[in-house]
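Trainee: Right, I'll just put the structure down here and ask away after.
The values are calculated or read from the model by the stated rules, or taken from the named source; none is laboratory data. Here the structure is a predicted model, which is why all the values come from computation and not from measurement. FYI the Cβ positions are ideal-geometry reconstructions off the backbone, even for glycines, and counts take in every protein chain you see. SASA here: full protein model, heavy atoms, side chains in, ligands and nucleic acids out. Shrake-Rupley method; radii C 1.70, N 1.55, O 1.52, S 1.80 Å.
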Amino acid sequence: MNLPKVYEPSKYEADIYALWEKSQAFQPRKAGKSFSVVVPPPNANANLHIGFALTMTLQDIAVRYHRLKGESVLFVPGADHAGFETQAVYEKHLAKEGKSRFDFTREELYKRIWDFVALNRKNFEDQFRSLGGSVDWTRFTFTLDEKVVNRAYATFKKMWDEGLIYRGERLVNYCTFHGTAFADIEVEYKEDRGQLWQLRYPLTDGNGEIIVATTRPETMLGDTAVAVHADDPRYSDFHGKTVTLPLVGREIPIITDTEFVDPAFGTGAVKITPAHDPNDFALGERHALPLITVIDYDGKMNAEVPAEYRGMTVEEARKQIVKDLEEQGYLVKVEDYTHNVGHCYKCGTVIQPLLRDQWFVDMQPLAKPALKALEADKITFYPEAKKEQLINYLKNLRDWNISRQNAWGIPIPAFQNVNNRDDWIYDERVDQEIIEVDGEIYRRDSDVFDTWFSSSSWPYVTLGYPDNEDFKQFYPLSLMETGGEILYPWVSRMIMLGLYVTGEIPFTSVYIHGYVMAEDGSKMSKSIGNVINAPEVIEQYGADALRMGIIAGRAAAVNRGYDPRKVEDARNFANKLWNIARYIESKTNGTAQRGRVEPETDADHWILSKLQQTADSVAADLEIYRFAEAYDRVYHFVWDDFADWYLEASKAQENIPLLTRTLQHILTITHPFAPFVTETIWQTLKWDDETSLAATSLWPVIKPGDAERANAFEKVKQLVGEIRTAMKNIGLSTGVIEYRPASAISDNAEIIKRMAKLSDLTEVEVSDGLKLTGSSLDAWLAIDADTAKEYLEALQKKLQSEQTAFERLKARLTNKRYIDNAPEAVVAQTKQQLAETEARLASIQNEIARFFPNN
RNA sequence: GGGCGAUUAGCUCAGCUGGCUAGAGCGCUUCGUUUACACCGAAGAUGUCGGGGGUUCGAAUCCCUCAUCGCCCACCA
């Protein structure tokens, strides 16, 4: 025997992956139905985490399955520059050297991050390899590759020309620490325990006052109005009057608004700061209020405020202003108040709504076709509910701010006339800061695109839209597999941009996976220290074990804890396969059988039928991405049917060619789940064609065995099981079985003897032994009455359960409405069950009467 | 506030369009070293399918309701 007893994944995995690469196993076939997947590009800078292992595994199972089906399969790898994310990582890196991004020009910073990312490139690619990702490396795409950048420019240009791009001064979610704006969706809201201050604003005419409530008193310096509800009787006399803003002395109007002001909240009067609050901004637009910015991009109070507050941080200013208001008698009261406050998801800094000139995309013209496509079910979602969620999102979509203030990104190809702020032109010469056009001087926009703007073209840009053959053959993609957190920011935009740019949906199905939580179901987090280290798991258990363990029992979009027991179980499964192969190798001396493969025994017919059922149902499951169910079927077929029964039976009745061929098929259907161990075995055993790979073998198309003969083996299994149970109950380690002539038994005598550990199996006409009542065959355990009594308890238990079953079935069949309403097939089935139950019941009663007449 | 999901064996979870006596892995009990495998084999125990109501011949599965726990979205000063 050449193979070691225990499968050691780490000895084989790297070589196996290298073999696949060398063999170009992951290139699409020249012919066949197309199946295409493009990896949602992971952050080029990230280390292999368990979530990536999950998404990679799910995609790879689908991809490998379709490849085995003989289709022309394209699986494109990629990496994301992940603009802000990566810059944040690099900044931490710089901080260790005592530097910050402000020590460099934008170009220098870009170049340094580029080199930093390039350093990690090999490490990054090896993460795909270590998991067995069957991607085509020749098509690797990075989100800063020329084709991606050019596509972003072309799309921006198209939108520009068609009037979908506009520049506007809007409130953006600004992180004063990172110095950049975020999309709404990137802001993390957290409950903050703060205070609600009530402030007294005196009427300018001296006749009274109005009390407003606020959680951010420092913004009062930028107030430009006070709003009350038009129908609020408390304030009807105030309409059209003005108040004098304390500390500032500015005279501001009292306005009425019915949309925004809730009379029931606070005092029913709201101070309006259009430059620092989104709701106030919207109200300010409706009432043409002036915008007064008082907080700068560095998070400090600016020159617009009274001198004593200038240069203070927001927190400092808040304290001082509250103190001053109190001293001057403007503070009415303070109460504790818990509310949600936006934070930077990276550094936790409170997000400031600040005014900034930004590029916006008008989303309505993009959302409408996407909605239409979704409503027409052009894209299948797994799970289905995600489609509705996306529709809801698209219906309420707001315009998209695509400007970001990072260095690490794609510069926006827009230039501003230095002499005319409103004169913007589109130009791709972004490597220059100043350009001249028609005698006018233009300065480059210092911003870069939101990462999602460029990555939303991922499905077609990776395929070389518009002219590449890949695009023509593989677009739209067959599957987009991703996590729920990017359903809105990415999936929705890929659909919108795909339709906008190519006129077609970018993919025909979307699979959303749930998150891998920590073992106790909580979120994994580095600071808590409950993060699973994927490379360690691979090192210890093998990539196959991680792949199978992580998908086992996992449904689409359901969060689940990482379960080390499932990984261990999967490792055991890989080892089981390995030992099956060792046994078969010992039978074939390491050379694959080339003889005729024909079923001869009942077991042969049975295993062929089981194999056919399994291959078909696994395929059916994988077609609709039911990964866990498919894995479960393979696992139980291999372990329970093949190893425990067929292989054991083959020790008594050999059909080595069929045994070997079945193993070969098993390797193929197991391959999507456990690519490494199946390929390792495949290579070790050498099939007919020495150059062949499990990875490019073909999904078995099996002619099922003869139904009657397969059924005979089912009876054998049933009989062996009952003999084992009976002997165990009585405490026998071996026994003799007598049976009335039946081919199912005589044809399989050696198997039965071996598997039930019998010393003898004899044909008789009648026996006074203990009847095996569960079997439709007439067989008796040859024991005397005293020994049989050991079995009384078990018999009585069986009697009980058969009795219950009998009565339930009987009741069902005497129910006229059941007979009338249930489908015929179901009724027929019930009738058969009743007959069988009745027979077993009679048999048990008979045995009890025979051996235990007093019971 | 709105939306979505979950609640099934001691643990982690399957159970698709309603139909065999509700399953898996781990754990547990008992037995076993037959030359593929102790990362093994054999036999077994454990469930009022969260509570209540409804539809149906029939409900873990469909509907309503309550409870508990999650997630997403919005965010009222």
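Trainee: Apply the Karplus curve 6.51 cos²θ - 1.76 cosθ + 1.60, θ = phi - 60°, to the phi angles in region A:321-327 and return the couplings in whole Hz, x for Gly and Pro.
Mentor: Once θ is set to phi - 60°, the couplings for region A:321-327 become 5, 4, 4, 5, 5, 5, 4 Hz.
Trainee: With a 1.4 Å probe and all protein chains left in place, how much accessible area per residue does region A:553-663 have, in Å²?
Mentor: With all protein chains present, region A:553-663 gives 39 Å² per residue.
Trainee: Here's a follow-up. What FRET efficiency, computed as 1/(1 + (r/R0)^6) with R0 = 35 Å and r the Cβ-Cβ distance, is obtained for residue A:195 and residue A:526, rounded to the nearest 0.05?
Mentor: That gives a FRET efficiency of 0.60.
Trainee: Just the number, please: Stokes-Einstein D of region A:704-847 in µm²/s, Kirkwood Rh from C-alpha pairs, 20 °C, 1.002 mPa s.
Mentor: The estimated diffusion coefficient comes to 129 µm²/s.
Trainee: Any aspartates and glutamates with Cα under 16 Å of the residue A:92 Cα? List them, leaving off those in the same chain fewer than 8 positions away.
Mentor: Straight-line reach from residue A:92, under 16 Å: A:103, A:115.
Trainee: By how many nm would the segment from residue A:766 to residue A:147 lengthen if fully extended, with 0.36 nm per residue of separation less the alpha-carbon distance?
Mentor: 214.4 nm
Trainee: How far is the Cα center of region A:600-654 from the Cα center of region A:333-393, in Å?
Mentor: Between the Cα centres of region A:600-654 and region A:333-393 lies a distance of 47 Å.
Trainee: Whole-Hz Karplus ³J(HN,Hα) for region A:833-850, in order, using 6.51 cos²θ - 1.76 cosθ + 1.60 and θ = phi - 60°, x for Gly and Pro?
Mentor: Couplings: 4, 4, 4, 5, 4, 4, 4, 5, 4, 4, 4, 5, 4, 4, 5, 4, 5, 6 Hz.
Trainee: Would you please give the residues with an amide H less than 5 Å from that of residue A:210, counting only those at least 5 places away or on a separate chain, with H modeled from the backbone geometry?
Mentor: Under 5 Å from the amide H of residue A:210: A:201, A:203.
Trainee: Continuing with the same structure: Gain in length, residue A:328 to residue A:598, computed as 0.36 nm per residue apart minus the alpha-carbon separation, to one decimal in nm?
Mentor: Answer, rounded to one decimal: 87.1 nm.
Trainee: Give me the compactness ratio for chain A, meaning the Cα radius of gyration over 2.2 N^0.38 Å.
Mentor: The value comes to 1.28.
Trainee: Mind listing the long-range amide H neighbours of residue A:72? Cut-off is under 5 Å, sequence gap 5 or more, other chains count too, H placed in the peptide plane at 1.01 Å from N.
Mentor: Those qualifying (amide H under 5 Å, at least 5 residues apart or on another chain) are A:33, A:34, A:35.
Trainee: Take the Cα pairs of region A:305-438, get the Kirkwood Rh, then feed it into Stokes-Einstein at 4 °C and 1.567 mPa s and tell me D in µm²/s.
Mentor: Answer from the Stokes-Einstein relation: 62 µm²/s.
Trainee: At residue A:123 and residue A:166, where each label point lies 7 Å from the Cα along Cα→Cβ, what is the point-to-point distance in nanometres?
Mentor: Here the modelled spin labels are 4.6 nm apart.
Trainee: So, one more: By how many degrees, 0 to 90 and rounded to 10, does the Cα axis of helix A:656-670 deviate from the longest principal axis of chain A?
Mentor: Approximately 20 degrees, to the nearest ten.
Trainee: If amide hydrogens are placed 1.01 Å from N in the peptide plane, which non-local residues have theirs closer than 5 Å to the one on residue A:517?
Mentor: A:560, A:561, A:562
Trainee: Accessible area per residue for region A:288-443 in Å², computed with a 1.4 Å probe and the full protein assembly in place, what is it?
Mentor: That works out to 52 Å² for each residue.
Trainee: If you don't mind, another one. Run lengths n ≥ 4 of DSSP H only: what is the helix-derived mean residue ellipticity at 222 nm for chain A, with -39500 (n - 2.57) per run over all residues, to the nearest 500?
Mentor: Helix-only estimate at 222 nm: -13000 deg cm²/dmol.
Trainee: What part of the accessible area of chain A, given as a whole %, is carbon or sulfur when the probe is 1.4 angstrom?
Mentor: About 47 percent, which is the carbon plus sulfur part of the accessible surface.
Trainee: Apply 1/(1 + (r/R0)^6) to the Cβ-Cβ distance of residue A:839 and residue A:384, taking R0 = 35 Å, and write down the FRET efficiency to the nearest 0.05.
Mentor: Computed FRET efficiency for residue A:839 and residue A:384: 0.15.
Trainee: Another one. Whole-Hz ³J(HN,Hα) for each residue in region A:292-304, computed from phi via Karplus 6.51 cos²θ - 1.76 cosθ + 1.60 with θ = phi - 60°, x for glycine and proline: what do you get?
Mentor: 10, 7, 10, 10, 8, 5, 8, x, 10, 6, 9, 6, 6
Trainee: At 7 Å along Cα-to-Cβ for each site, give me the label-to-label distance between residue A:814 and residue A:340 in nm.
Mentor: Roughly 6.1 nm, to one decimal.
Trainee: Oh, and also: Return the whole-Å distance between the Cα centroid of region A:53-67 and the Cα centroid of region A:243-295.
Mentor: 54 Å
Trainee: Can you pull the one-decimal nm distance between simple spin-label points at residue A:426 and residue A:244, each 7 Å off the Cα toward Cβ?
Mentor: Calculated label separation equals 5.4 nm.
Trainee: Send over a whole-number figure in Å² for the accessible area per residue of region A:1-101, probe 1.4 Å.
Mentor: With all protein chains present, region A:1-101 gives 39 Å² per residue.
Trainee: Heavy atoms of the protein only, probe of 1.4 Å, neighbouring chains included. What is the accessible area of residue A:597 in Å², nearest 10?
Mentor: Its accessible surface works out to 40 Å², give or take rounding.
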